[in-house]
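> Questions regarding the structure given below will be posed in turn.
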Amino acid sequence: MPRPEDSAWAVSVAQVAARAGRSKPIDMVVPAPSGIGDDIVGIREGSDVHVTGSFDSIVDGLIFNGRADASIVGECTRCLRPLDPHWSVRLMAFFPYDMPEDAHGNGEEVDIIAGEDESEDVYPLSHDGAFADLESLLRDALVESLPLQPLCREDCRGLCSQCGADLNEDPDHHHDVTDIRFAALEQLKAQLEREERG
Ligand SMILES: [Zn+2]
Ligand SMILES: [Zn+2]
């Protein structure tokens, strides 16, 4: 079995966990976990994720409060330009000293934990309580943060539906009405030709 400290996302928390009211600042670069995003937008497995924040001990566990800065890869769904890679998410999690043993597999227990505070994610510490592993927290927080329809910016104008020109670069871009009339004539011509044939 792999040791908890061998994980690339392991943080030693034994010193903070010893007593309530302690704090341990975190500033580390870890590899991005697998499975974040898809072909449209995602974070490459193994790319750098900068994690900052702190572990604070309370009576029944450790609270982690911080943020992760990562690089996303993807295209704007309107104009197809590469997205600004800078991606930052807030991290908030609770690592209880006593994770119910049957929390996984027993739906009721999970429901009770989630019901206490739905905005707080709960993760287990290593068995001896000496390490917190950030992998699941990072994966969950980053996956949740990814946009379904990524945009290079909120008001991206996208591409011209007729010719594909980038309307961000040329906001005045338009096609003259005569173009549309011409297109209509083309259509009519094609229709007549079909009718002649048929
Ligand atoms: Zn765009
Ligand atoms: Zn156009």
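> Between helix 135-145 and the chain, what is the angle of the helix's C-alpha long axis to the longest principal axis, kept within 0 to 90° and rounded to the nearest 10?
Orientation of helix 135-145: about 30 degrees from the principal axis.
> Let me ask something else. Helix 177-197 versus the longest principal axis of the chain: what angle, 0 to 90°, nearest 10, using Cα atoms?
70
> Using R₀ = 22 Å, calculate the FRET efficiency as 1/(1 + (r/R₀)^6) where r is the Cβ-Cβ separation of Ser71 and Asp155; round to 0.05.
0.40
> Determine the dipole magnitude for the chain: charges of +1 sit on the beta-carbon of Lys and Arg, -1 on that of Asp and Glu, nothing else is charged, the reference point is the Cα centre, and the result goes in debye to the nearest 20.
For the chain, the charge dipole is close to 600 debye.
> Another question about this same structure. Quick one: with all protein chains in place, what share of the accessible area of region 4-145 is carbon or sulfur, to the nearest percent (1.4 Å probe)?
Whole-percent figure for carbon plus sulfur exposure: 49.
> May I pose another question? What do you get for the angle between helix 107-116 and the principal long axis of the chain? Use alpha-carbon atoms, 0 to 90 degrees, nearest ten.
90
> How much area per residue is accessible in the chain when the probe is 1.4 Å and only protein heavy atoms are counted (Å²)?
65
> Quick check of the Kirkwood formula: for region 157-198, what is the inverse mean of 1/r over all pairs of different Cα atoms, in Å?
12.1
> Going by average Cβ density within 10 Å per residue, which order do the peptides 152-164, 125-137 take, highest to lowest?
125-137, 152-164
The values are calculated or read from the model by the stated rules, or taken from the named source; none is laboratory data. A quick note: this is a predicted structure, and the numbers were derived from the prediction, not measured. Cβ coordinates were reconstructed from backbone atoms using ideal geometry, including for glycine residues, and neighbour counts include every protein chain displayed. The area values use the complete protein model at the heavy-atom level, side chains included, leaving out ligands, DNA and RNA. Shrake-Rupley method; radii C 1.70, N 1.55, O 1.52, S 1.80 Å.
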